[in-house]
Amino acid sequence: MGWSLVMTYPPGSGFPGNDPAPGAAPQPAYPEPPYPGPGDPGPLPGPASHRPAGATTTNGLAIASLVTGVFGCFGIISLILGAIALKQIKDRGQKGRGLAIAGIVLSLLWGVIGGASYLFIKSLDKDDLAKSLASPRVTSTKPKDVRANNMRVGDCINDNSGASTATDGPVKVESVKVVPCNAPHDGEVLATFRLAMATLPSESQMSKVASAGCQQRIGRRLSRDPARANLATSYYFPTTQSWASGDRMITCVAVHAREGAKLTRKLRT
């Protein structure tokens, strides 16, 4: 036959041994902890959630150091801000150490680039530097004498012999003067071509071949110029002496249609 032990307590008596004896005074409550006095130490370090608010913020000078370092135009300011930021971060336990270091590095890098550029520019010869910075000069063609068979397409010429104007017969020309096209001139060379004849033709035959060849090559071009009604075609062909030395070139020249009048600009052909 088993046994069961049942323990009962009077209602409201609490745990055994905690009730005061009959007639005894009640036990006082636990006293509240005293407030720390002036000489008492402050609260002991607690978990991260109880640390000062500054420990979770990013140092403002560190951010400023990085920004000024990126632009590079603030010079040593980024370096100074970065150094101050590192000290504050260490003292306050803030974040931003990497930003401050990056700002310092960028400041030093800009300093190296600036110093290298200064030394490079200083090493250049002053005359060469002045030439490289000087504005380009606009030059015009100076008048010069050339042999008639050495004229080139685009040359504007003066010919005192009258061969470049409409004349009744051929005129022997040894040389012409090449002048700027914006100055008054007798004609403008628009085309050249080489004769395929093996023997020297007569002057009349030479004139006929030259006239037809020049009209074919520059006639349409002259019609595109606004002053086409005042333009005519002239030409130069080899003389007997130049033919003997191997000259076979015909030079086609645009001239003013009125004898003695001059052109004053480059033709728009």
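Taken together, the values in this text are just the output of simple stated rules run on the coordinates, not laboratory data. On a predicted model such as this, the values are computed, not experimentally measured, just so you know. Every residue, glycine as well, gets a Cβ built from its backbone with ideal geometry; the counts of neighbours run over all protein chains shown.
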Check: When only Cα pairs under 8 Å and 6 or more residues apart are kept, what is the percent relative contact order across the range 144-256?
Finding: 32
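Hey, any idea what the orientation-averaged projected area of the convex hull of the range 57-122's Cα atoms comes to, in nm²?
Numbers: hull surface 15.6 nm².
Taking a quarter of the hull surface, the average projection is 3.9 nm².
Quick check: residue separation of residue 117 and residue 208 times 0.36 nm, minus the Cα distance between them. What number comes out in nm?
Numbers: separation 91, 0.36 × 91 = 32.76 nm, distance 6.93 nm.
Taking 0.36 nm per residue and subtracting the Cα distance, the gain is 25.8 nm.
Taking 0.36 nm per intervening residue step and subtracting the Cα-Cα distance, what contour gain separates residue 160 from residue 101 on full extension? Mind showing how you got there, number by number?
Numbers: separation 59, 0.36 × 59 = 21.24 nm, distance 8.17 nm.
Taking 0.36 nm per residue and subtracting the Cα distance, the gain is 13.1 nm.
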Next item on the list: With label points built 7 Å along Cα→Cβ from the Cα atoms of residue 258 and residue 197, find their separation and express it in nm.
Entry: 3.5
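In what sequence, highest mean first, do 244-254, 212-222 appear when ranked by Cβ atoms within 10 angstrom?
Values: 244-254: 18.5, 212-222: 15.8.
Top of the packing list down: 244-254, 212-222.
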Next item on the list: Mind computing the radius of gyration and Dmax over the alpha-carbon atoms of the range 144-256? Å is fine for both.
Entry: 13.4, 41
Item checked: Euclidean distance of C-alpha centroids, the range 177-199 and the range 233-269, integer Å -> 4
